[in-house]
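Below is one structure, written out as structure tokens, with a few remarks after it.
The values are calculated or read from the model by the stated rules, or taken from the named source; none is laboratory data. In this text, all values refer to a predicted model and were calculated from it rather than measured experimentally. So basically every Cβ, Gly included, is an ideal-geometry build from the backbone, and we count neighbours across all protein chains shown. Side chains are part of the model used for accessible areas, which takes the heavy atoms of the whole protein and leaves out ligands, DNA and RNA. Shrake-Rupley method; radii C 1.70, N 1.55, O 1.52, S 1.80 Å.
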Amino acid sequence: MSNFTLIGATLADGSKANIAVKDGLIVSIGTETSGDSIDASGLVALPGFVDLHTHLREPGFEQSETVKTGSQAAAKGGYTAVHAMANTHPVADTAGVVEQVKALGDEAGYVQVQPIGAVTVGLDGKQLAELGAMADSKAQVRVFSDDGKCVHDPLLMRRALSYVKNFGGVIAQHAQEPRLTENSQMHEGAVSTELGLAGWPAVAEESIIARDVLLAEAAGSRIHICHLSTAGSVEIVRWAKARGIKVTAEVTPHHLLLTDELARSYDPVFKVNPPLRTQKDVTALREALIDGTIDIVATDHAPHPDESKDCEWNAAAFGMLGLETAASIAQSVLIDSGLSNWARFVEVMSSAPAAISGIPGQGRPLAVGEPANIALIDQSAKRVIHGGGASKSDNQPYEGMTLPGAVVHTIFRGAFTVRDGKLVERG
Amino acid sequence: MKHLLSAGDLSLEQAVAILDTAIQMEQVNKREIKKLPTLRGKTVVNLFFEDSTRTRTSFEVAAKRLSADVINFTAKGSSVSKGESLKDTAQTLEAMGADGVIIRHPASGAAHTLATSGWIEGSIVNAGDGTHEHPTQALLDAYTIRQKLRDNAIGSDLAGLKVAIVGDIAHSRVARSNLQLLKTLGAEVYLVAPATLLPGGLAAQAKGHYYSLDKAISEIEFDAIMMLRVQSERMTASFFPSEREYARIWGLNGERLARLRPKTIVMHPGPMNRGLEIDAKAADSKNSVILAQVANGVSVRMAVLYHLLAGGSEIE
């Protein structure tokens, strides 16, 4: 079906229109129709979502996720592009690996898979990876991150921030001071001391962010902060932006909703890095997402197999699923709260992440001539979350919770990847 | 009561009931034939992922005196390094028909996970999980305090007694369990430690806290003072500058002992680092009840197993 019209969709500004799609592009928005008619009344049509922080696990950890299953989960979540983190095996620290990941994404065909390159060889924090080679490869890498590990050596970080200016790249920092977080299991606070789980103090994140915004300022470079999780981090980013430093920041859906109190169950599905923080942090992160201090929502979708989660807390892996629930949580924070609007939703879920990455053809407005990357959501739906969805893993932190909103259709380059909430066979 | 996972799970009534049962068990332990048929035909597994000869032996003696069949399952090292997961171990024990599992594990929450995961049906007793809890140690400490400081022990709580817990509060499962149980029993608990080893979350739950042992002793007339073992791994992690400085400022020595009330009891969960957190004068003084703690451990653990596994049958 290369030619169809979405009839009566609601746009982000609240107006209703028909959206006609032909050969991968939006050909009209208004009253016209062409091709097959698809009823979109009651659905909000938004630019396809862009995730700047996804763990697709392939190559190396195919028991957790593959590029295909992760792409399918992304499509079900309304995404048309994801950025695949570099902590695979082998690490995505060469042109060969990033091109492989991109090729797997193209083959799966559910979303645009944009690889992120490692900053250092093997994520080891010792020597810069060949960032230029990855930038020049077919994968056209522009975002570099050692995510899962912090680039903690200040000299190496300074060089990396400066070096990516050669090709307009950005370093996405996983802010975690390693010495302050040795063996850390959860947020350091009253709950961790009660549970006897080793603490991950807020200052371990905040001290790195403070250092790195100053390094970025000195280098005249851009810096992106991954999964900001504390109220203190928000204050530092707010200060840095006021000072004119080119910093962007992301927050995960789980840090917008869940708190460290959940660790009382000792259920490792709630073990994540950075850890779930306190209600005070959740409140600060929500405010910062609304006021623009935090630029985007990024999932940090981190699938793990049962054997890594059905065990004692200390033995469990860090991470939780996120692709199929992110839009619901963003809706809850921005729309259902009455505190923001769909225009802001589009920024945090689509246009701003695309702009940070520079990924072509994504995060574009719904307008004539633009690529037809569209998510249609039923704002009034209520979903009881159960299981891992399309992901290969089941580490679902929202199990049993009722979340608002549902992705009904996802359209990627003019073709349905999800229709009526179900995956469409691709490839 | 099916499991004993946390000292905080016990109500005042449950805690007093266990302590009262332990008095009856103590009488059994003084008989020529130290044995009850209560748990005949029941299988109790000692599942120890950490070395602890003292605690394991104490539980083993307790279970055997109640006529249970006891299996010692010692898996040294963590499940991760061993290759076999806690889940597989638990399911193996389940397949063998364990009625009760006594678990010691280096991971905080391991006993909780065993009890709530659905891997195993039997009763779980937490014999120490990481830096979280060690509820039977707290029960035997409470038992010892009551035995030494209450004229009529049966049925009584610890209301009004002032207890100091001194040392590595941050990493101590003994401190966490005692803090909760002693509070439940009505005691006033004070924590004394260097600031590096005294997390605010725990200090807030205590009646008071001190960074100086001398100041604590001078301001509060303690009925009991409980010294915690300093683990060797703390000594190289900059929690305090040196063993000598720790001993000087937070150790219980003969000189400090002399400043306590004559009736103040001195406790230690063992094994002691003599000369570090406690010196020989204090450990071997007439105030010391350290050996009574060991003896009471068997009676208290018999009482716990009785309450969890005997299903309310009469003690002969």
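Side notes on the structure shown:
Quick grid of which residues meet (1) in the same structural domain as residue A:171 (by TED's automatic domain parsing); (2) farther than 26 Å from residue A:58 by Cβ; (3) modelled with pLDDT of 95 or more:
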site: A:250; (1), (2), (3): yes, no, yes
site: A:255; (1), (2), (3): yes, no, yes
site: A:265; (1), (2), (3): yes, yes, yes
site: A:286; (1), (2), (3): yes, yes, yes
site: A:300; (1), (2), (3): yes, no, yes
site: A:307; (1), (2), (3): yes, no, no
site: A:320; (1), (2), (3): yes, no, yes
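- Test for residue A:144: is it touching a strand residue (DSSP E or B) at 6+ places or on another chain (Cβ under 7 Å), more than 14 Å from chain B (Cβ to nearest Cβ) and among the aromatic types (Phe, Trp, Tyr): yes
- Residue A:197 being crowded, with 24+ Cβ neighbours inside 10 Å, modelled with pLDDT of 95 or more, within 13 Å of another protein chain (Cβ to nearest Cβ) and touching a helix residue (DSSP H, G or I) at 6+ places or on another chain (Cβ under 7 Å): yes
- Selected residue (criterion: nearest to the other protein chains (Cβ to nearest Cβ)) from residues of region B:184-232 that are part of a helix (DSSP H, G or I) and free of Cβ contacts under 8 Å to residues at least 12 places away in the same chain: B:201
- Of all residues making up region A:168-189, the number that are in contact with a Gly (Cβ under 7 Å, 6 or more places away or on another chain), farther than 20 Å from residue A:285 by Cα and open to solvent by 30 Å² or more (accessible area, probe 1.4 Å): 1
- All positions within region B:125-136 that are within 14 Å of chain A (Cβ to nearest Cβ) and either open to solvent by 10 Å² or more (accessible area, probe 1.4 Å) or not in a helix (DSSP H, G or I) (or both): B:126, B:128, B:129, B:130, B:131, B:132, B:133, B:134
- Only one of A:149, A:126 that is over 15 Å from the mean Cα position of the chain (by Cα), closer than 19 Å to residue A:209 by Cβ and assigned by TED's automatic domain parsing to the domain that holds residue A:346: A:149
- Inter-residue pairs, beta-carbon under 7 Å, first within 9 Å of chain B (Cβ to nearest Cβ) and in region A:298-311, second buried (at least 24 other Cβ atoms within 10 Å of the Cβ) and among the hydrophobic types (A, V, I, L, M, F, W, C), 6+ apart: A:311/B:86
- If you filter region A:18-37 down to residues that are touching a residue at least 24 places away in the same chain (Cβ under 8 Å) and among the hydrophobic types (A, V, I, L, M, F, W, C), you find that the one that is farthest from residue A:415 (Cα to Cα) is A:29.
Quick grid of which residues meet (1) polar (S, T, N, Q); (2) closer than 22 Å to residue A:418 by Cβ; (3) in contact (Cβ under 8 Å) with a residue 40 or more places away in the chain:
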position	(1), (2), (3)
A:50	no, yes, yes
A:60	no, no, no
A:63	yes, no, yes
A:75	no, yes, yes
A:86	no, no, yes
A:104	no, yes, yes
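- Candidates A:135, A:108, A:139, filtered to the one that is assigned by TED's automatic domain parsing to the domain that holds residue A:223, in contact with a Ser or Thr (Cβ under 8 Å, 6 or more places away or on another chain) and touching a residue at least 12 places away in the same chain (Cβ under 8 Å): A:108
- Test: residue B:207 is outside the structural domain of residue B:109 (by TED's automatic domain parsing), surrounded by fewer than 18 Cβ atoms within 10 Å (Cβ to Cβ), touching a strand residue (DSSP E or B) at 6+ places or on another chain (Cβ under 8 Å) and among the basic types (Lys, Arg): yes
- Strands (runs of 3 or more DSSP E) completely within region A:1-84 that count 2 or more residues being open to solvent by 10 Å² or more (accessible area, probe 1.4 Å): A:3-10, A:16-22, A:25-30, A:36-39
- Lone qualifier among B:146, B:150 - being away from chain A (no Cβ under 14 Å) and open to solvent by less than 10 Å² (accessible area, probe 1.4 Å): B:146
- Scanning region B:246-270 for residues that are open to solvent by 60 Å² or more (accessible area, probe 1.4 Å) and either part of a strand (DSSP E or B) or closer than 22 Å to residue B:170 by Cα (or both) gives B:248, B:249.
- Residues satisfying the stated conditions in region A:330-355, i.e. hydrophobic (A, V, I, L, M, F, W, C), out of contact with any helix residue (DSSP H, G or I) (no Cβ under 6 Å at 6 or more places or on another chain) and open to solvent by 10 Å² or more (accessible area, probe 1.4 Å): A:335, A:342, A:343, A:346, A:352, A:355
- If the condition is being crowded, with 20+ Cβ neighbours inside 10 Å and within 14 Å of chain B (Cβ to nearest Cβ), then region A:239-269 contributes A:260, A:263, A:266, A:267, A:268, A:269.
- Residues that are within 19 Å of residue B:239 (Cβ to Cβ) and open to solvent by less than 20 Å² (accessible area, probe 1.4 Å), drawn from region B:171-196: B:172, B:174, B:175, B:176, B:191, B:192, B:193, B:194
- Here residue A:398 fulfils each of the conditions (1) open to solvent by 10 Å² or more (accessible area, probe 1.4 Å); (2) at pLDDT 95 or above apart from (1).
- Residue under evaluation residue B:102, criteria (1) within 19 Å of residue B:25 (Cβ to Cβ); (2) surrounded by fewer than 24 Cβ atoms within 10 Å (Cβ to Cβ); (3) aliphatic (A, V, I, L, M), criterion not met: (2)
- Verdict on residue B:113 being without any contact (Cβ under 8 Å) to a residue 40 or more places away in the chain, within 13 Å of chain A (Cβ to nearest Cβ) and either more than 17 Å from residue B:63 (Cβ to Cβ) or more than 19 Å from the chain's Cα centre (by Cα) (or both): yes
- Against the conditions (1) closer than 16 Å to residue A:250 by Cα; (2) buried (at least 22 other Cβ atoms within 10 Å of the Cβ), residue A:292 satisfies every one except (2).
- Filter result for residue A:211 (of a type in the set (Lys, Arg), in a helix (DSSP H, G or I), at negative phi and within 14 Å of chain B (Cβ to nearest Cβ)): no
- Members of region A:348-373 found to be of a type in the set (A, V, I, L, M) and over 17 Å from the mean Cα position of the chain (by Cα), listed by number: A:366, A:367, A:368, A:372
- Where residue A:230 falls short, out of the listed (1) under 18 Å from residue A:192 (Cα atoms); (2) touching a Ser or Thr at 6+ places or on another chain (Cβ under 6 Å): (2)
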